[in-house]
1. Only four residue types carry charge here, +1 at the Cβ of Lys and Arg and -1 at the Cβ of Asp and Glu. Report the dipole size of segment 3-85 about the Cα centre in Debye, rounded to the nearest 20.
2. Thr94 versus Ser80, label points 7 Å from Cα toward the beta carbon: distance in nm?
3. Please give the charge dipole size of the chain, origin at the Cα centre, charges +1 on K and R Cβ atoms and -1 on D and E Cβ atoms. Round to the nearest 20 debye.
4. What FRET efficiency comes out for the pair Leu188/Ser154, r = Cβ-Cβ distance, R0 = 41 Å, nearest 0.05?
5. Give me the log10 of I(q) over I(0) for the chain at q = 0.08 Å⁻¹, as the Debye formula computes it from C-alpha points; what are the numbers?
6. Using DSSP to call loops (not H, G, I, E or B), can you name the chymotrypsin sites (Phe, Trp or Tyr not before Pro) in segment 138-212 whose Cβ has at most 14 other Cβ atoms within 10 angstrom?
7. Cross-link candidates for Lys190: which lysines have Cα within less than 16 Å, leaving aside residues fewer than 8 places away along the same chain?
8. With each pseudo-label sitting 7 Å past Cα toward Cβ, what's the His212-Arg16 distance in nm, one decimal?
Amino acid sequence: STSYNSFQIGVRQQDRHGLSYEVDYTYSHQIDDQLGSADLTQISNPFNLKYDKGSGALDRRHIVNINYVYKLPFFANGSSMMKNVLGGWTISGTAISETGLPWAGVNAPGNGGPDTVGLGGNYTNRANFSGKVKYPKTRGANGVYQWVSPDGFSQPTPSWLGGPNLGFGNAARDIVVGPGRTNFTTSLYKAFGITERTHFEFRAETFNTFNHTQFNNFRNNVNGSDFCQVSGVQDPRTFELGGKFVF
């Protein structure tokens with residue numbers, strides 16, 4: 001019940017003028033139905049197993065990954081004291097940029113909302129939707145970031161009130177794609193020689209180097225006043241210092 005297809009390409013350079021790097025790109029698409037990628041815990045619509053067919057929780061459409069190591073050339077040819085103290089530093093890091101994941105549970109009135117189907121809840125239902133999904137990605141007057149526009153989404157109509165699809169909404173499982181991520185990590189390190197057999201290694205590292213906000217979740221209850229607003233972020237920048245004595 002699951003398929004995954006991808007196109008991958010990469011470029012690598014090894015130690016040219018002190019620089020080594022690799023750039024990789026992946027275009028991929030993962031499709032499943034029901035429980036193929038664990039973003040759903042049970043069958044949503046027992047009357048139509050194709051109701052849940054769509055992009056699964058492993059579907060990151062675009063991924064760019066860059067890693068590099070650069071031996072800084074400064075003071076490489078100075079006196080032994082200057083070279084040992086100021087020269088020999090290396091900077092390395094990674095950069096990754098990837099699109100977001102589809103959100104199978106968006107607009108789930110069957111989970112705590114009105115039971116438009118009559119199964120007693122504990123199933124996944126989705127909203128009705130018409131038009132085209134819009135991503136304003138703007139911050140409102142209240143300071144809340146609006147990831148997806150709520151326009152076009154509405155509560156399903158129960159079948160006993162004339163609603164189609166037995167009360168299940170027509171929004172596709174993968175209709176909304178969540179926030180992507182762009183993240184940088186950077187390391188600066190050097191080995192200080194002490195004797196022919198001993199040296200001290202120093203390393204300074206940062207995670208989320210530029211400390212930019214990276215969203216990772218949004219509100220998905222069509223009945224809520226905060227519907228489609230951002231509700232979570234990735235970790236802020238952190239520093240780490242390390243040392244190692246080798247003998």
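1. Approximately 440 debye in magnitude.
2. 3.9 nm
3. On the way: 21 positive and 18 negative charges, 120 e Å.
So the magnitude is around 580 debye.
4. So the FRET efficiency works out to roughly 0.15.
5. Per q value, in the given order, log10 I(q)/I(0) is -0.49.
6. Filter output for segment 138-212: Phe210.
7. Counting by Cα, and skipping residues close in sequence, Lys190 has these lysines nearby: Lys71, Lys83, Lys244.
8. Output for this residue pair reads 2.7 nm.
The values are calculated or read from the model by the stated rules, or taken from the named source; none is laboratory data. All figures in this text were calculated on a predicted structure; none of them were measured in a lab. Cβ atoms come from the backbone with ideal geometry, glycine included; neighbour counts cover every protein chain shown. The protein model used for the area step is the full one, side chains on, heavy atoms only, and it has no ligands, DNA or RNA in it. Shrake-Rupley method; radii C 1.70, N 1.55, O 1.52, S 1.80 Å.
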